[in-house]
Amino acid sequence: MYARAVDRLEAGECIAGTDLAALIDQNPDVRLPSKLRAHIAKHLRGEIKKSRGRKPVSPAVSLLRDLRDMVEYEHALEAETASKTKLTRAVPGHSGATESVHERAAANVVDDLYGGSIDPRSLLNRLSRRRRQLKAQKPIPRVHRK
């Protein structure tokens, strides 16, 4: 009954007051575990604060996002290379500056996937960092089945 709440506390999660109240109401005859009692006392004294800000992204989600971005970038790079436009073009707002094929491909990926909310340069830096990490990893051994 209370085991799941105690496990959540040990994992460092915060249990809301309404959840605590519902848990106690559902189990009126069961004695509260000491860890749960201590948490309720801290909650009533106002010593427990919710963590603020964005929740961290799990490593698996980050890896999948980066792999998706790599595939999209490679497709965009092929399309930019195959197009008959010039290899460089003037960048608006910069006198005499040019934008290379890989920068245009990154800009296309950012527009398509992120709606322009991140800088194409940061996308290229993140993909480069992820490629280095993947190259540094040991290869997964192949399993031969008979």
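The values are calculated or read from the model by the stated rules, or taken from the named source; none is laboratory data. This one's a predicted model, so the numbers in the text were calculated from it and none came from an experiment. Quick reminder, even Gly has a Cβ in these numbers, built from the backbone with ideal geometry, and neighbours come from all protein chains shown.
When S117 is tested against (1) surrounded by 12 or more Cβ atoms within 10 Å (Cβ to Cβ); (2) modelled with pLDDT of 90 or more, only condition (1) is not met.
This table checks each residue for (1) outside any helix (DSSP H, G or I); (2) modelled with pLDDT under 80; (3) outside the structural domain of R126 (by TED's automatic domain parsing).
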residue: D7; (1), (2), (3): no, no, yes
residue: A22; (1), (2), (3): no, no, yes
residue: T85; (1), (2), (3): yes, yes, no
residue: N108; (1), (2), (3): no, no, no
residue: L113; (1), (2), (3): no, no, no
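In segment 59-69, the count of residues that are over 30 Å from R132 (Cα atoms) and among the acidic types (D, E) is zero. Check segment 46-59 and report whether any residue there is at pLDDT 80 or above and in contact with a Leu (Cβ under 8 Å, 6 or more places away or on another chain). The answer is no, given that none of the residues of segment 46-59 is at pLDDT 80 or above and in contact with a Leu (Cβ under 8 Å, 6 or more places away or on another chain).
Against the condition farther than 20 Å from R129 by Cβ and modelled with pLDDT of 80 or more, how does H39 come out, does it pass? Don't jump to the end; show me each part of the working.
Details: farther than 20 Å from R129 by Cβ: yes; modelled with pLDDT of 80 or more: yes.
Yes.
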